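**Q** The structure under discussion is supplied below as structure tokens; questions concerning it will follow.
The values are calculated or read from the model by the stated rules, or taken from the named source; none is laboratory data. The structure presented is a predicted model; accordingly, all values stated were derived computationally and were not measured. Note: ideal-geometry Cβ built from the backbone for every residue, glycine included; neighbour counts use all protein chains shown. Quick note on the areas: whole protein, heavy atoms, side chains included, nothing else; ligands and nucleic acids left out. Shrake-Rupley method; radii C 1.70, N 1.55, O 1.52, S 1.80 Å.
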Amino acid sequence: MRIRTLPVLLLLVLVGLFTLFNWGAVTSPVPVSLFFGTATLPLGLVLVGVIALLGAMYLATVIYLQGTALLDGRRLTKELQSQRDLADKAEASRFTELRDHLSAELFKVNDAAGRHRAELLARIDRLEAQQRRLMEEQVNGLEAHLGHLDERLRSTSARRADTDVLDDGARLRRGGVDRGVDDGLAGDPGLGADFTPRRTR
């Protein structure tokens, strides 16, 4: 009970004590005008009854107001709880939407990363194929060049061998001529004294 009801209760208690101490005077009948007639009634008791009725009405009003406030408080508490539940559900829904959005973005990022990875691997494969083709072309060119050099070396060796054979044949022929001349000179000493052959190489 609130503090503002204490003065009312105190006033009722004082009125009760005053009535008790003056009970004889309060209950003494006196002529009382009732607007439409006159009656003999205990005026003090009537006034005490009116005061008691007003006090009871005040107390009933206070109790009603307190009950209404309590019911309003409970209703507001329920509404606040429902609003809190709605806010929690909305927040959970936002978190769910955020999680779904992040999952979708992560899926997009992973998909893009997969595509970039596939493109990079394909580019690497193309570069490796080009490199192998270039290496094969270089090896083929080098083999062709080496084959050409081998053929040139073989042809040069063959020409040198033919030249050596011809030189050996010429030397043999010159050797035979020289021996014939020497033999002729040996047979004719007169010629041998005057003729000195020149040998050319």
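**Q** What are the residue pairs meeting all of these: first residue in region 39-63, first residue closer than 27 Å to Ser28 by Cβ and of a type in the set (Val, Ile, Thr), second residue open to solvent by 80 Å² or more (accessible area, probe 1.4 Å) and assigned to a helix (DSSP H, G or I), Cβ atoms under 9 Å, and 6 or more apart or on different chains?
**A** Val48/Phe18; Ile51/Leu11
**Q** For Ala92, are the conditions met, namely being within 26 Å of Leu14 (Cα to Cα) and either charged (D, E, K, R) or surrounded by 10 or more Cβ atoms within 10 Å (Cβ to Cβ) (or both)?
**A** no
**Q** Give me a count of the residues in region 65-76 that are open to solvent by less than 70 Å² (accessible area, probe 1.4 Å) and without any contact (Cβ under 8 Å) to a residue 60 or more places away in the chain.
**A** Going through region 65-76 one residue at a time, the tally reaches 5.
**Q** Continuing with this model, one more query. Report whether or not Arg132 is open to solvent by 70 Å² or more (accessible area, probe 1.4 Å), more than 28 Å from the chain's Cα centre (by Cα) and not aliphatic (A, V, I, L, M). Break it down into steps so the answer makes sense when it comes.
**A** Numbers: open to solvent by 70 Å² or more (accessible area, probe 1.4 Å): yes; more than 28 Å from the chain's Cα centre (by Cα): yes; not aliphatic (A, V, I, L, M): yes.
Yes, satisfied.
**Q** What are the residues in region 31-64 that are assigned to a strand (DSSP E or B), at pLDDT 80 or above and surrounded by 11 or more Cβ atoms within 10 Å (Cβ to Cβ), if any?
**A** Once the filter is applied, which keeps residues that are assigned to a strand (DSSP E or B), at pLDDT 80 or above and surrounded by 11 or more Cβ atoms within 10 Å (Cβ to Cβ), region 31-64 yields only Pro42.
**Q** Against the condition of a type in the set (D, E, K, R), at pLDDT below 90, assigned to a helix (DSSP H, G or I) and open to solvent by less than 90 Å² (accessible area, probe 1.4 Å), how does Glu79 come out, does it pass?
**A** No, not satisfied.
**Q** Okay, moving on. Tell me yes or no: at least one residue of region 188-196 is modelled with pLDDT of 70 or more and part of a helix (DSSP H, G or I).
**A** Within region 188-196, not a single residue is modelled with pLDDT of 70 or more and part of a helix (DSSP H, G or I).
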